1. How many residues, within the stretch 122-135, are under 13 Å from Y51 (Cβ atoms) and assigned to a loop (DSSP other than H, G, I, E, B)?
2. Within the stretch 90-113, how many residues turn out to be of a type in the set (D, E, K, R) and not in a loop (DSSP other than H, G, I, E, B)?
3. Suppose the filter is in contact with a strand residue (DSSP E or B) (Cβ under 8 Å, 6 or more places away or on another chain) and more than 17 Å from T19 (Cα to Cα); does Q160 pass it?
4. Look at the stretch 37-83 and say how many of its residues are surrounded by fewer than 19 Cβ atoms within 10 Å (Cβ to Cβ) and either small (G, A, S) or more than 22 Å from G144 (Cα to Cα) (or both).
5. Can you name the number of the only condition in (1) open to solvent by less than 30 Å² (accessible area, probe 1.4 Å); (2) free of Cβ contacts under 8 Å to residues at least 24 places away in the same chain; (3) of a type in the set (A, V, I, L, M, F, W, C) that A117 fails?
6. Output yes when any residue across the stretch 144-159 is under 26 Å from W81 (Cβ atoms), in contact with a Ser or Thr (Cβ under 9 Å, 6 or more places away or on another chain), part of a loop (DSSP other than H, G, I, E, B) and of a type outside the set (G, A, S), and no when none is.
7. I'd like to verify a number: residues in the stretch 44-100 that are free of Cβ contacts under 8 Å to residues at least 40 places away in the same chain and small (G, A, S), how many?
8. If G87 meets every condition in (1) outside any strand (DSSP E or B); (2) under 20 Å from E184 (Cβ atoms) apart from one, which number is that one?
Amino acid sequence: MENAISNATEPTLNGLVLTGGRSTRMGRDKSQLVYHAKPQRDHLTDLLRPYCKRVFWSVNAQQAAELNGTTQPYIVDAFDWPGPLNGILSAFRYDSAGAWLVVACDLPLLTTRSLDALVQNRDPTKLATVFYDTDGRQPDPLLGIYEPAFAPVALEAVAQNCFSPRQLLMQHPTRLLIAPDLRELTNVNDPINRQLV
């Protein structure tokens, strides 16, 4: 397994588990669902750790209040709008010089196979390295490596009321990969989908 932090020509790679969503369709915090004998956020943290200098949880204010006393590093959403771009830009506010390996908490089928593919095919000259989505047509913004150059582009887009990371990836230089196993990109965000895992 190639470790990106050993390559001095690339920005340091941090990990970010996106847990700050409202989980309205699931009806409970998706990051605390158990698929692998531990809460999903802990499972993903363990998956990301070999690739990253440090792994953080991206949390909303309510979640942060419940994490008082934890040793797990986390980053609280810094902005008022909903969605994953809040978590990603909050991470860049914490470390603007590093790159961020971002994964949504509702990907219970994710394995090191996909993470290896991302890290080994990373292109730091692009704004991000991501997979095509399960339809094979558009970038999937919820699993990928975001380079430092992404943040100023995203902040400019937000100023123009664009909050979609997918739109940004479609409109700017992005390294797009074919996922080694499309099942690993399956978002489990409601109780019916959860039963299929």
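The values are calculated or read from the model by the stated rules, or taken from the named source; none is laboratory data. Everything numeric in this text was worked out from a predicted model, so none of it was measured. With ideal geometry, Cβ positions are generated from the backbone for all residues, glycine too; neighbour counts draw on all protein chains shown. Heads up: the accessible areas ignore ligands, DNA and RNA and are worked out on the full protein's heavy atoms, side chains in. Shrake-Rupley method; radii C 1.70, N 1.55, O 1.52, S 1.80 Å.
1. Pass one, the stretch 122-135, residues under 13 Å from Y51 (Cβ atoms): 122, 129.
Within this subset, residues satisfying the condition of being assigned to a loop (DSSP other than H, G, I, E, B) are 122.
Matching residues across the stretch 122-135 total 1.
2. Looking only at the stretch 90-113, we keep the residues that are of a type in the set (D, E, K, R), and these are 93, 95, 106, 113.
If we keep only those that are not in a loop (DSSP other than H, G, I, E, B) as well, we get 93, 113.
Result for the stretch 90-113: 2.
3. On the way: in contact with a strand residue (DSSP E or B) (Cβ under 8 Å, 6 or more places away or on another chain): no; more than 17 Å from T19 (Cα to Cα): yes.
Judged against the criteria, Q160 is not a match.
4. 15
5. (2)
6. yes
7. 6
8. All conditions are met except number (2).
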